[in-house]
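Working notes, beginning with the structure itself.
The values are calculated or read from the model by the stated rules, or taken from the named source; none is laboratory data. Since we're looking at a predicted model, the values are computed, not measured. Counting neighbours? That spans all protein chains shown, and the Cβs are built from the backbone with ideal geometry, glycine included.
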Amino acid sequence: MSQIQIFVVFSGIVLTVLIAWYFWFAPKAQMRVAVSASGAQEVAVTVKGGYTPDVIVVQKGRPVRLTFTRQESSACSEKVLFPDFNQNALLPEGEQVTLEFTPEQSGEYGFQCQMGMLRGKLIVE
């Protein structure tokens with residue numbers, strides 16, 4: 001093998017490792033939700049190519065109020081599902097839609113669009 005071939009192979013391996021780390025192993029920023037004056041934990045979630053924030057940390061036993069605003073027209077993002085809480089909502093483009101529920105057990109619970117392409121996580125402590 002020539003030096004150029006070795007360099008190309010090595011560069012490909014390094015690039016593959018960096019891509020895998022970025023998409024699967026890089027730590028995601030978490031948003032801790034404070035309790036409002038009403039006693040609920042409120043957070044605004046923007047839907048545009050994904051959920052922002054996509055990792056939300058809440059306290060168990062207190063109501064959670066998530067207000068989604070969809071800022072895109074993709075068919076994938078027109079519905080959000082919380083299967084562990086038996087909750088879902090249609091998200092019309094440009095409108096605010098609120099989901100409210102009370103998590104009673106600690107754990108990590110996923111939420112997603114109807115096609116499973118957009119994903120987020122609700123961490124209950």
Of all strands (runs of 3 or more DSSP E) completely enclosed by segment 45-103, which ones contain at least 1 residues that are over 15 Å from the mean Cα position of the chain (by Cα)? 64-70, 87-90, 96-101
Out of 55, 97, 80, report the one residue that is surrounded by 15 or more Cβ atoms within 10 Å (Cβ to Cβ) and in contact (Cβ under 8 Å) with a residue 40 or more places away in the chain. 55
Qualifying positions in segment 100-120 - exposed (fewer than 15 other Cβ atoms within 10 Å of the Cβ), closer than 19 Å to residue 50 by Cα and out of contact with any helix residue (DSSP H, G or I) (no Cβ under 7 Å at 6 or more places or on another chain): 108, 110, 116, 119
If the requirement is being surrounded by fewer than 16 Cβ atoms within 10 Å (Cβ to Cβ) and modelled with pLDDT of 95 or more, which of these qualifies: 71, 30? 71
With respect to the numbered conditions (1) under 24 Å from residue 105 (Cβ atoms); (2) without any contact (Cβ under 8 Å) to a residue 40 or more places away in the chain, which one is the sole condition not fulfilled by residue 60? (2)
If I ask for residues that are buried (at least 16 other Cβ atoms within 10 Å of the Cβ) and over 19 Å from residue 117 (Cα atoms), which ones from segment 83-94 would you list? 85
